[in-house]
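The values are calculated or read from the model by the stated rules, or taken from the named source; none is laboratory data. Bear in mind that the values here come from a model prediction, so they are computed numbers and not experimental data. Note that we place each Cβ from the backbone using ideal geometry, even for glycine, and neighbour counts take in every protein chain shown. Heavy atoms of the whole protein, side chains included, go into the accessibility calculation; ligands, DNA and RNA do not. Shrake-Rupley method; radii C 1.70, N 1.55, O 1.52, S 1.80 Å.
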Amino acid sequence: MKLQLPNHNGSLSEFTLTGIPVASEPLVNPELRKIFAAAHVVPDPFANCNPSEEPVLDWEATLAYRRHLATLGLGIAEAMDTSQRGNGLSWSVACELIKQTLLELPDAEVYCGAGTDHLLINTASTVADVIQAYLYQIDTIQEMGGRIIVMASRALARAANNPKDYIQAYREVLNHCENPVIIHWLGDMFDPQLAGYWGSTDWQGNLETVLAIIRLCSNKIDGVKLSVLDKEKEIEMRRLLPETVRMYTGDDFNYPELILGDAHGHSDALLGIFDSLATICTQAMNALDNGDIAKYNSLFAPTVPLARHVFSHPTQYYKTGVVFLAWLNGFQDHFIMVNGAQSMRSLPYFVDCFKLADRSHLFNDPEQAIYRMKALLRMYGV
């Protein structure tokens, strides 16, 4: 199968697809590693609303993708930044999303993002304001039976003056939670408004702040999701965690190595790229369970260039690549995103994404992927 694709200078050249998809199989041993996919959302393209307004979701398509992830045996990280939380998905819609997912998938492992995004940042003048905002969202999710991911807070980044403020806030928030939670350490490459989070721009200082929180509240913490795209920092922190606290890799650049681990331990995973790589992920994890490291590496290795491209600078727009791949793979009928975010990447980005997805054996229906890629090219005048 072939098609003409534009190069970065606009000239066309022929691209031949491998046309070999990875077969779909569920996780055999989900306890080998805890693996969560942060799931994207599908807006209703016929809703009469502007991109800047509160979105209207296509609930059937959105929930169908979550059923797909759960059928494969993956955990679901709901209402996180992959769902465009903080970038068009409001708390009110996120709350309904959490409710619908928990009702739809009562037997799935679902953790839900609790933050402070219902606040107007300028009105959260104190750390106490931020704490109360966290508690409101936590209570709302817990009343629905949901488990908690404590998301990083833009409001806290503005209100806190030093590491002690973060320790105070997280101590109160964590002690309020009914079950052990996942703390999300989100680097500012994912959200520039989180620059200086934990009270410093220094890695070692911030690491000590988070470890202090963990020491104070270890019985309230299932794990820490670290999203700083630096494997050495993750390994360093992983070795310092108590045995009862998991390291969930959020490193979409180096996940195969970090999940595989070393003599000192391994990372579990909570990744946006696993929204796209779900079928490959489960095959790779089954190979690891069987001790077949060669197969594990052969499945994951081709996906790393794709993941690094999807999450390339500016990293906060990775969601556009994730949804583009879902559309190419037939999981939704359109390439429309909340807040008009389908426009946040260039045509060369999409072309390279298509090529790398094929090399990763990601397309379950290559002919459909070609048809949709051609439709995108026509829209750009190619």
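Within segment 106-136, can you find the residues that are in contact with a helix residue (DSSP H, G or I) (Cβ under 7 Å, 6 or more places away or on another chain), surrounded by 18 or more Cβ atoms within 10 Å (Cβ to Cβ) and not small (Gly, Ala, Ser)?
Across segment 106-136, the qualifying residues are Val110, Cys112, Thr116, Asp117, Leu119, Val127, Val130, Ile131, Tyr134.
Which pairs do you get when a residue that is in contact (Cβ under 8 Å) with a residue 24 or more places away in the chain, found in segment 297-317, comes within reach of a residue that is polar (S, T, N, Q) and part of a loop (DSSP other than H, G, I, E, B), reach meaning Cβ atoms under 7 angstrom, with the pair 6+ apart or on two chains?
Every condition considered, the pairs that remain are Pro302/Ser360; Thr303/Ser360; Leu306/Ser360.
Condition test on Leu216, is it on the phi > 0 side of the Ramachandran plot and either out of contact with any strand residue (DSSP E or B) (no Cβ under 7 Å at 6 or more places or on another chain) or at pLDDT 95 or above (or both)?
On the way: on the phi > 0 side of the Ramachandran plot: no; either out of contact with any strand residue (DSSP E or B) (no Cβ under 7 Å at 6 or more places or on another chain) or at pLDDT 95 or above (or both): yes.
No.
Tell me which residues, restricted to segment 136-163, are in a helix (DSSP H, G or I) and either closer than 19 Å to Glu78 by Cβ or in contact with a strand residue (DSSP E or B) (Cβ under 9 Å, 6 or more places away or on another chain) (or both).
Tyr136, Gln137, Ile138, Asp139, Thr140, Ile141, Gln142, Glu143
Does segment 194-211 hold any residues that are surrounded by fewer than 17 Cβ atoms within 10 Å (Cβ to Cβ) and out of contact with any Leu (no Cβ under 8 Å at 6 or more places or on another chain), and which are they? Step through it out loud before you land on a result.
First pass over segment 194-211, keeping only residues surrounded by fewer than 17 Cβ atoms within 10 Å (Cβ to Cβ): 195-196, 200-205, 208, 211.
Within segment 194-211, Ala195, Gly196, Ser200, Thr201, Asp202, Trp203, Gln204, Gly205, Glu208 meet the criteria.
Could you tell me how many of the residues in segment 215-235 are closer than 18 Å to Arg147 by Cα, of a type in the set (A, V, I, L, M, F, W, C) and either open to solvent by 10 Å² or more (accessible area, probe 1.4 Å) or not in a strand (DSSP E or B) (or both)?
So the answer is 1.
Looking for whichever is open to solvent by less than 40 Å² (accessible area, probe 1.4 Å), free of Cβ contacts under 8 Å to residues at least 24 places away in the same chain and part of a helix (DSSP H, G or I) here; the options are Ala294, Ala326, Ala357, Ala287. Which one fits?
None of the others qualify; the one that does is Ala287.
At least 3 residues that are touching a helix residue (DSSP H, G or I) at 6+ places or on another chain (Cβ under 8 Å) and surrounded by 12 or more Cβ atoms within 10 Å (Cβ to Cβ) in each: list the strands (runs of 3 or more DSSP E) lying fully within segment 1-49 that qualify.
Result: 2-6, 35-38.
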